[in-house]
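The values are calculated or read from the model by the stated rules, or taken from the named source; none is laboratory data. From a predicted model like this one, the values you see are computed outputs, not experimental measurements. Neighbour counts run over all protein chains shown; Cβ positions are idealised from the backbone, glycine included. Only protein heavy atoms, including side chains, enter the accessible area calculation; ligands, DNA and RNA are left aside. Shrake-Rupley method; radii C 1.70, N 1.55, O 1.52, S 1.80 Å.
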Amino acid sequence: MTIAQDSPARSETSAAACSVTFSVNGRTSSLVLDPRVTLLDVLREHLHLTGTKKGCDQGQCGACTVMVNGRRINSCLTLALMHEGDEITTIEGLGSPEALHPLQKAFLDHDGFQCGYCTPGQIISAVAVLEEIGAGVPSHVTADLNGAPPATDEEIRERMSGNLCRCSAYPNIIAAIRDMVEDHV
Amino acid sequence: MRAFTYERAGSPAAAAAAVATQPGAKFIAGGTNLLDLMKLEIEVPTHLVDVNRLGLDLIETTPDGGLKIGALVRNTDLAADMRVRSDYPLLARAVLSGASGQLRNKATTGGNLLQRTRCPYFYNTDMPCNKRKPGSGCAAMGGLSHNLAIVGASDACIATHPSDMAVALRALDATVETVAADGSERHTPLADFYRSPGETPHIETVLRAAEMITSVTLPQPLGGVQIYRKVRERASFAFATVSVAMVAGSVDGDIRVDRLAFGGLAHKPWRVEAAEGAARSAEAIADIVLAGAKPTADNAYKLPLVRRTLAAVIAQAKSESAR
């Protein structure tokens, strides 16, 4: 995995700018952007919401995970212009240092990280995982496709496979998410 | 990433017309594969036509009892649809075995069919690749080929198609509906949709220039025991080394394999109809499926892996049908 440059660093010429309006954490933003700008880059470089991290920049590590209209996606693999009218939630919209989201507190309680770089993506993804299980969305390990998926460790692990942690804090990440299961599923 | 211009299309035909009028234009749907390739400058479109908001995100029952899946239906929604889960479990299982939760939320049905190979030499722009740069040669032959094709390949290309979803759709006899720039529509059985690599591995499907997938249609449910088993190098979020999609019936306590397709073996979902229907042993079926196989030293392991995975899936079908 290589360290990605801020796109569009490899560009030779600029393209015609386009305008887009969407809301981030409840605040509306209207921007005029080079079409190459990804949602990840607009969050970090234009809106200065640096909680969302750039890891691989190719959809493999999950550090850039954000919610768009209530669903988790890799913000590195989508163009900002494709999000006209969308409602985006980043880690900054989930909680604050003064008022942590319960899952943020659970990550602290269980030491669910070491360096912390993947943590915003892990937490956003985990919030979505609990909602997906609650909504009955099946996964690869769900035994009965026609039943409600159980909120087991096996289900959580499978559903979190798009979020890598190079410090390998996985056991504590699972423990933090497990803490939340009773409240959310 | 190279510079490009961007527009949002107003209708499928308008999208096809927009792509037809500008050389180098491409459709963008989920973007999960296209944008990755654009960052590496493997794909260099001059213009992107966004087809995300054209109302192609519905799953509808067809008059003859099948299911019409809009091209923009996200992988998550396809696998979670109750009709798919109960009537086409093979498809739900295949979709759920692919990618990650984040990617499945974005990736679309049409885009999944058109995703490009993950052959390491297609991705490495310093190396020759007939698929990326026609006529440049194939670095995979004699290179790292442990997860590349063992059947249906050519001297020009031994890449595999990476999709799980397409393997299930092939087994289920799906049809691909498209619209062209002039508004004309056509239906192509998935069996005829993918081309063999031959001397032109860069031309992967029978789609014409600016032709856009609008939906994928499944015929009536098949019933039977449906199993999708994926063998890969880690438990989740990895491409198949071998995958098996099977629909089986039970005859006098024995298993009859009615539909059988494989992923990870070829340039397209690999289905040999001659292996289906009669009651045969796993070995006899594998002999038919693997006829003419030309593995490399690196991927010859897939030959016994196919046989063992097939035997395991048949055993599973037997135990499930006995319930």
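Scanning segment B:106-123 for residues that are basic (K, R) and surrounded by fewer than 24 Cβ atoms within 10 Å (Cβ to Cβ) gives B:R116, B:R118. Figure legend. Inter-residue proximity from segment A:127-138: first residues farther than 21 Å from A:I91 by Cβ and within 11 Å of another protein chain (Cβ to nearest Cβ), second residues buried (at least 16 other Cβ atoms within 10 Å of the Cβ) and of a type in the set (G, A, S), beta-carbon distance below 6 Å, spacing 6+ or different chains. Indicated pairs: A:V137/B:A80. Residue by residue through segment B:31-74, note down the ones that are crowded, with 21+ Cβ neighbours inside 10 Å, more than 14 Å from chain A (Cβ to nearest Cβ) and aliphatic (A, V, I, L, M). Matches in segment B:31-74: B:L56, B:L67, B:I69, B:A71. The single condition among (1) more than 30 Å from B:V247 (Cα to Cα); (2) touching a Ser or Thr at 6+ places or on another chain (Cβ under 8 Å); (3) among the polar types (S, T, N, Q) that B:S184 does not satisfy is (2). Scanning segment A:150-167 for residues that are more than 14 Å from chain B (Cβ to nearest Cβ) and open to solvent by 50 Å² or more (accessible area, probe 1.4 Å), we see that the one that is farthest from B:G98 (Cα to Cα) is A:R166. The set of residues from segment B:75-95 being over 22 Å from A:C76 (Cα atoms) and facing chain A (nearest Cβ under 7 Å) comprises B:A79, B:A80, B:R85, B:S86, B:P89, B:A92.
Of the residues making up segment B:144-195, those that are within 13 Å of B:L113 (Cα to Cα) and aliphatic (A, V, I, L, M) are B:M165, B:A166, B:V167, B:A168, B:L169, B:A174, B:V176, B:L190, B:A191. Is it true that some residue in segment B:73-95 is without any contact (Cβ under 8 Å) to a residue 24 or more places away in the chain, under 30 Å from A:A126 (Cβ atoms) and of a type in the set (D, E)? Checking segment B:73-95: at least one residue is without any contact (Cβ under 8 Å) to a residue 24 or more places away in the chain, under 30 Å from A:A126 (Cβ atoms) and of a type in the set (D, E).
Out of all the residues in segment B:102-133, which are aliphatic (A, V, I, L, M) and under 18 Å from the mean Cα position of the chain (by Cα)? So that I can check it myself, show each step before the final result.
From segment B:102-133, those aliphatic (A, V, I, L, M) are B:103, B:107, B:113-114, B:127; that's our starting set.
Across segment B:102-133, the qualifying residues are B:L103, B:A107, B:L113, B:L114.
Hey, does segment B:40-63 have a residue that's in a loop (DSSP other than H, G, I, E, B), under 19 Å from B:A171 (Cβ atoms) and at pLDDT 95 or above? Checked segment B:40-63: at least one residue is in a loop (DSSP other than H, G, I, E, B), under 19 Å from B:A171 (Cβ atoms) and at pLDDT 95 or above.
I'd like the full set of residues that are outside any helix (DSSP H, G or I) and among the small types (G, A, S), limited to segment A:155-178. Spell out how you get there, then give the answer.
First, pick out the residues of segment A:155-178 that are outside any helix (DSSP H, G or I): A:160-169.
Scanning segment A:155-178 gives A:S161, A:G162, A:S168, A:A169.
Do we find a residue being among the charged types (D, E, K, R), buried (at least 20 other Cβ atoms within 10 Å of the Cβ) and not assigned by TED's automatic domain parsing to the domain that holds A:I177 anywhere in segment A:64-76? Within segment A:64-76 (the criterion being among the charged types (D, E, K, R), buried (at least 20 other Cβ atoms within 10 Å of the Cβ) and not assigned by TED's automatic domain parsing to the domain that holds A:I177), the answer is yes, since at least one residue qualifies.
Check A:G59, A:G55 and return the single one that is assigned to a loop (DSSP other than H, G, I, E, B), at pLDDT 95 or above, within 13 Å of the chain's Cα centre (by Cα) and at the interface with another protein chain (Cβ under 8 Å from one of its Cβ atoms). Let's see the steps before the verdict.
Details: A:G55 fails: at the interface with another protein chain (Cβ under 8 Å from one of its Cβ atoms).
Only one candidate qualifies: A:G59.
Among the residues of segment B:248-294, the one identified as of a type in the set (G, A, S), more than 20 Å from the chain's Cα centre (by Cα), closer than 23 Å to B:A166 by Cβ and assigned to a strand (DSSP E or B) is B:A248.
If a residue must be in contact with a Lys or Arg (Cβ under 7 Å, 6 or more places away or on another chain) and either open to solvent by 70 Å² or more (accessible area, probe 1.4 Å) or free of Cβ contacts under 8 Å to residues at least 40 places away in the same chain (or both), how many such residues does segment B:279-303 contain?
Just the residues of segment B:279-303 that are in contact with a Lys or Arg (Cβ under 7 Å, 6 or more places away or on another chain), to begin with: B:279, B:282-283, B:286, B:295.
From what is left, the residues that are either open to solvent by 70 Å² or more (accessible area, probe 1.4 Å) or free of Cβ contacts under 8 Å to residues at least 40 places away in the same chain (or both) are B:279, B:282-283, B:286.
Counting residues in segment B:279-303 that are in contact with a Lys or Arg (Cβ under 7 Å, 6 or more places away or on another chain) and either open to solvent by 70 Å² or more (accessible area, probe 1.4 Å) or free of Cβ contacts under 8 Å to residues at least 40 places away in the same chain (or both) gives 4.
For segment A:1-34, the tally of residues that are within 19 Å of the chain's Cα centre (by Cα) and at pLDDT 55 or above stands at 6. Considering each residue of segment A:88-111 in turn, none proves to be within 13 Å of chain B (Cβ to nearest Cβ) and in a loop (DSSP other than H, G, I, E, B).
Summed over segment A:70-87, residues that are under 12 Å from the mean Cα position of the chain (by Cα) and either assigned to a loop (DSSP other than H, G, I, E, B) or more than 14 Å from chain B (Cβ to nearest Cβ) (or both) total 1.
Could you look through segment B:180-200, keep only residues that are in a loop (DSSP other than H, G, I, E, B) and in contact with a strand residue (DSSP E or B) (Cβ under 8 Å, 6 or more places away or on another chain), and pick out the one that is farthest from B:A140 (Cα to Cα)? Full working, then the answer.
Within segment B:180-200, the first condition is being in a loop (DSSP other than H, G, I, E, B), and the residues that meet it are B:180-184, B:195-200.
The next check asks that each one be in contact with a strand residue (DSSP E or B) (Cβ under 8 Å, 6 or more places away or on another chain); those that pass are B:180, B:195.
Details: B:A180: 35, B:R195: 20 Å.
Only one residue fits best here, namely B:A180.
Out of A:G85, A:G95, A:G134, A:G147, I need the residue that is surrounded by fewer than 24 Cβ atoms within 10 Å (Cβ to Cβ) and at positive phi. Which one?
Values: A:G95 fails: at positive phi; A:G134 fails: at positive phi; A:G147 fails: at positive phi.
Of A:G85, A:G95, A:G134, A:G147, the one residue that is surrounded by fewer than 24 Cβ atoms within 10 Å (Cβ to Cβ) and at positive phi is A:G85.
Going by what's in this entry, would B:L148 be described as hydrophobic (A, V, I, L, M, F, W, C), away from chain A (no Cβ under 14 Å) and open to solvent by less than 40 Å² (accessible area, probe 1.4 Å)? The answer is yes for B:L148.
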